[in-house]
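So the structure is just underneath, and the comments pick up after that.
Please treat every number below as a calculation from the coordinates, not as lab data. Since this is a predicted model, take the numbers as computed values, not measurements. Neighbour counts are summed over all protein chains in view; Cβ atoms, including those assigned to glycine, are modelled from backbone coordinates with ideal geometry.
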């Protein structure tokens, strides 16, 4: 399934972002345990934060350019909550266009 989105969004902590920057790619535990990196569209992001990160402090949003990804993106049903983008490999840092704190992203400062 394809979608008209050109940006995906991945949630991570400051420590996770620091590790990704050091290794040159976002490689969360889900890549090993589930085989893919969980992402969201802009419209899905707030619900994803409420569902999976309600008390995570220092949450960041990595904006990811789909055109810069080196691995397949599949749009799949996830936990009965809709169709989400899953990246089937590490997300290279070169695909990340920006990392911004969740409260700022949520406040509408995510728009260029």
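Overview of results
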item: Residues (surrounded by fewer than 13 Cβ atoms within 10 Å (Cβ to Cβ) and part of a loop (DSSP other than H, G, I, E, B)) located in region 24-33; result: 24
item: Only one of 78, 40 that is under 24 Å from residue 15 (Cβ atoms), free of Cβ contacts under 8 Å to residues at least 60 places away in the same chain, touching a strand residue (DSSP E or B) at 6+ places or on another chain (Cβ under 6 Å) and surrounded by 12 or more Cβ atoms within 10 Å (Cβ to Cβ); result: 40
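Results for (1) surrounded by 13 or more Cβ atoms within 10 Å (Cβ to Cβ); (2) in contact with a strand residue (DSSP E or B) (Cβ under 6 Å, 6 or more places away or on another chain); (3) part of a helix (DSSP H, G or I), shown as yes or no for each residue.
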position: 19; (1), (2), (3): yes, no, yes
position: 22; (1), (2), (3): no, no, yes
position: 45; (1), (2), (3): yes, yes, yes
position: 51; (1), (2), (3): no, no, yes
